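Novice: Here it is, the structure in full.
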Amino acid sequence: MSAPRVDAIVEVRDLVRQYRMGEELVQALRGVSFTVQRSEYVAIVGPSGCGKSTLLNVLGVIDRPTSGTVAIGGERVDQLSDARATEFRLRRIGFVFQRFYLMQALTARENVELPLAEAGLGGAARRERARALLEYVGLGRRESHRPSQLSGGEQQRVAIARALANEPALLLADEPTGELDARTGAEMIALFRRLNADGTTIVVVTHDEELARAAKRVVHMRDGSIVDDRRAEADRR
Amino acid sequence: MLLTLAFASLVRHRARTILAVLGVAVSAGMLLDMVMLSTGMRESFRSLLLAQGFQLRLAPKGTLPFDTEATIRDADSLVALLRARPEVERVSPVLGGQLHIPTSAGTVTAAALGVESSVQGDYELVEGRAPAAANELVANDATLRAIGKGIGDTVSAAAGYDPQLRGLSGVRTLRIVGRVRFVYMAAEQRGASLPLATLRAMQGGEASDRISLAMVRLRPRTDAEAMRTEVGRLLPRVTVISTAEAIRQVDERLSYFRQLAVILGAVSLIVGFLLVTTLMTVSVNERIGEIAVMRAIGVRRGRIVAQIVIEGAAIMAVATPVGLGLGLVTARYLNSILARFPGLPERIDFFLFQPVAAWTALGLLIASGILSGVYPSWRGASLAIATTLRQEAVG
Ligand SMILES: Nc1ncnc2c1ncn2[C@@H]1O[C@H](COP(=O)(O)OP(=O)(O)O)[C@@H](O)[C@H]1O
Ligand SMILES: [Mg+2]
């Protein structure tokens, strides 16, 4: 917490998220606070149901906290209107899902173009950038394939290229290796490492110990709270 | 991108899309037919009655024109009286009767109209000319076909037939000088027209000063209703009806017909609307997950609505022209069936294509089809993203 404030990409304070399930109140987050610095690579781990995805969704501005504040890149995002939140997700957040969630009707390149088109990038420039992104994630030769013609690992690479399309301040990934076999998972881990080495700030939720080990910082959660937060040995100053 | 996604969705469910297009086309066709039917008869009666430009019709007291065999006596003085009025431009006296024409295959009977060629408004010449001399005759196709004659031929015709004596009366030799179409007769109905004086002479002494009907054309800017009252007061032994009144009567008789058409038309519109709405709702529901993903990566709500609306519009854009064609073909077919209804004038159409009404109806259908996508897609795009992603497996 001693790092200069300008370098904090994520600042979370006293985050509470409750779900009403009929009569019952589910406490998914019970007052979480933490900060992520620029270019950090953070893994969030913990038992199933402890609130990891909920936290990631709030960071990704696709869910709103019940209370508490979230600032990303210095901008409060916990109470944005729908239109502002949408714009914020488009420009500042890259989200990678466990099940890839690509548009089946679109080719790999068109999937990457989707957020570029939404951001107003036109024709040739858009195609060019989508191609470059696919190249970057190692899928240069697959741009015209549809998701159904790609392996799981390849689909996840397309999803990562899509998440990076508008140069987000923050890349969020929820169990990105959850659907992949060990070998493909290892490739994915290498890719995340490379993304981080190139300057991308990453927060990844995972069960995958290998993936967690790759991160420079591991946050342990239990029952809606952070119980441990430590930097990896090699990274400690 | 938006277009790709919209069309991909339509193509992915090809069978469903085709069925929807057909369904909407049928409903558009029905709608069009009902609109054509609701206005067709009225409009064609109106144009039939207005075509010849006679605003008043005088018939024997208590009858409608040609409703009975009744005739107006002392007709010449009546016609003269009318013609003397400054408001009157033209009076066409008409005497109805029959012509019996012996042929090798038996006697052919045709409706006969005795008129004054220079002022008549009962037929349109198709070929040849109107009778100029007393022994000249014009006839329609049905008659010419039945007697096997044409322009230039002469026929022997009688105005009366006595079944007891098995004899014809009032026989004349007449020359056919024209082929005509009778405005108020059905196509299959046999008709012939000859000079009023000739028909009177053929019918005998009784008919010498009678007519069945007089049609009156008024000068421009004359108040037809006022004249109707005036003539009715002046000539208490005749019934005077104005064209406007006749149209009103026809209108009244057709009102059930029209209500039926309006109700069925509304039903077609609703069916078409429900069909597209159902399709759009299903389409949105099965894509809830996909929509949530698009929202999660920053696609605006309006874009998602636009995508669904494009789908609806595409279905409409294909279905409506198909429906238009379907409706016109059906209308034509039904018209040809209904035209065989006995005794209807040839010019009456049950289905009349009236551009404004037709475009309005189809426009309404298209608009409803396009709008039908707005609500379900807006609702789908407004769902909580995180919760939806949790519940919906996509991709
Ligand atoms: N949309 C929701 N409605 C109700 N309960 C939810 C919802 N999302 C998450 N939860 C509950 O919140 C808790 C945390 O869930 P989640 O953040 O998905 O855990 P994790 O990702 O760590 O497995 C769980 O008890 C889960 O059942
Ligand atoms: Mg989870």
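Novice: Inspect region B:118-132 for any residue being polar (S, T, N, Q) and in contact with a Phe, Trp or Tyr (Cβ under 9 Å, 6 or more places away or on another chain) and give the result as yes or no.
Specialist: Among the residues of region B:118-132, not one is polar (S, T, N, Q) and in contact with a Phe, Trp or Tyr (Cβ under 9 Å, 6 or more places away or on another chain), which makes the answer no.
Novice: Looking only at region A:65-86, decide whether some residue is touching a Pro at 6+ places or on another chain (Cβ under 8 Å) and within 11 Å of ligand 1 (Cβ to nearest atom).
Specialist: no
Novice: Could I ask something else about it? Name the strands (runs of 3 or more DSSP E) wholly inside region B:116-224 in which the number of residues that are touching a strand residue (DSSP E or B) at 6+ places or on another chain (Cβ under 9 Å), more than 15 Å from B:Gln98 (Cβ to Cβ) and not aliphatic (A, V, I, L, M) is 3 or more.
Specialist: Here the list reads B:123-128, B:167-182.
Novice: Separate question: For region A:135-174, name all the residues that are surrounded by fewer than 20 Cβ atoms within 10 Å (Cβ to Cβ) and outside any helix (DSSP H, G or I).
Specialist: Residues satisfying the conditions are A:Gly138, A:Ser144, A:His145, A:Arg146, A:Leu150, A:Ser151, A:Glu167, A:Ala169.
Novice: Looking only at region A:215-229, filter to residues that are of a type in the set (Gly, Ala, Ser) and surrounded by 22 or more Cβ atoms within 10 Å (Cβ to Cβ); which one of those is nearest to the chain's Cα centre (by Cα)?
Specialist: A:Ala215
Novice: Being out of contact with any helix residue (DSSP H, G or I) (no Cβ under 6 Å at 6 or more places or on another chain), without any contact (Cβ under 8 Å) to a residue 24 or more places away in the chain and within 14 Å of chain A (Cβ to nearest Cβ), is that true of even one residue in region B:336-355?
Specialist: no
Novice: Can you tell me which residue is surrounded by the fewest Cβ atoms within 10 Å (Cβ to Cβ) among those in region A:181-208 that are within 16 Å of ligand 2 (Cβ to nearest atom) and not polar (S, T, N, Q)?
Specialist: A:His207
Quick grid of which residues meet (1) closer than 16 Å to B:Gly323 by Cα; (2) crowded, with 21+ Cβ neighbours inside 10 Å; (3) within 16 Å of ligand 1 (Cβ to nearest atom):
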{"site": "B:Glu346", "(1), (2), (3)": "no, no, no"}
{"site": "B:Val356", "(1), (2), (3)": "no, no, no"}
{"site": "B:Thr360", "(1), (2), (3)": "yes, no, no"}
{"site": "B:Leu383", "(1), (2), (3)": "no, no, yes"}
{"site": "B:Glu392", "(1), (2), (3)": "no, no, yes"}
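Novice: If you don't mind, another one. State which residue pairs qualify: first residue at positive phi and inside region B:171-194, second residue aromatic (Phe, Trp, Tyr) and not in a loop (DSSP other than H, G, I, E, B) in any location, beta carbons under 8 Å apart, and separation of 6 or more residues or different chains.
Specialist: Taking only residues 6 or more apart or on different chains, not a single pair turns up.
Novice: Follow-up. Only one of these is within 12 Å of ligand 1 (Cβ to nearest atom) and either modelled with pLDDT of 95 or more or under 30 Å from A:Gly152 (Cβ atoms) (or both): A:Gly94, A:Gly49. Name it.
Specialist: Being within 12 Å of ligand 1 (Cβ to nearest atom) and either modelled with pLDDT of 95 or more or under 30 Å from A:Gly152 (Cβ atoms) (or both) holds for just one of A:Gly94, A:Gly49, which is A:Gly49.
Novice: Shifting gears a bit: Being over 19 Å from A:Leu116 (Cα atoms), in contact (Cβ under 8 Å) with a residue 24 or more places away in the chain and within 14 Å of chain A (Cβ to nearest Cβ) is the filter here, so list the residues in region B:253-304 that pass it.
Specialist: Once the filter is applied, which keeps residues that are over 19 Å from A:Leu116 (Cα atoms), in contact (Cβ under 8 Å) with a residue 24 or more places away in the chain and within 14 Å of chain A (Cβ to nearest Cβ), region B:253-304 yields B:Ser283, B:Arg287, B:Ile288, B:Gly289.
Novice: Looking only at region A:25-54, which residues are of a type in the set (S, T, N, Q), within 16 Å of A:Val70 (Cα to Cα) and away from ligand 2 (no atom under 16 Å from the Cβ)?
Specialist: Within region A:25-54, A:Ser33, A:Thr35, A:Gln37 qualify.
Novice: For region A:72-81, enumerate the residues that are among the charged types (D, E, K, R) and either touching a residue at least 12 places away in the same chain (Cβ under 8 Å) or facing another protein chain (nearest Cβ under 7 Å) (or both).
Specialist: Listed by number, the residues that qualify are A:Glu75, A:Asp78.
Novice: Residue by residue through region B:332-382, note down the ones that are aromatic (Phe, Trp, Tyr) and touching a Lys or Arg at 6+ places or on another chain (Cβ under 9 Å).
Specialist: Within region B:332-382, B:Phe351, B:Trp378 qualify.
Novice: Still on this structure, please answer the following. Which one of these does A:Tyr41 not meet: (1) hydroxyl-bearing (Ser, Thr, Tyr); (2) away from ligand 1 (no atom under 16 Å from the Cβ); (3) modelled with pLDDT under 95?
Specialist: (3)
Novice: Give me the pairs: first residue in region A:38-56 and of a type in the set (S, T, N, Q), second residue more than 9 Å from ligand 2 (Cβ to nearest atom), beta-carbon distance under 6 Å, and six or more apart or on different chains, which are they?
Specialist: Pairs found: A:Ser39/A:Gly199; A:Ser39/A:Thr201; A:Thr54/A:Arg17; A:Thr54/A:Ala28; A:Thr54/A:Leu29.
The values are calculated or read from the model by the stated rules, or taken from the named source; none is laboratory data. From a predicted model like this one, the values you see are computed outputs, not experimental measurements. Methodologically, a virtual Cβ is constructed for each residue, glycine included, from the backbone with ideal geometry; neighbour enumeration extends over all protein chains shown.
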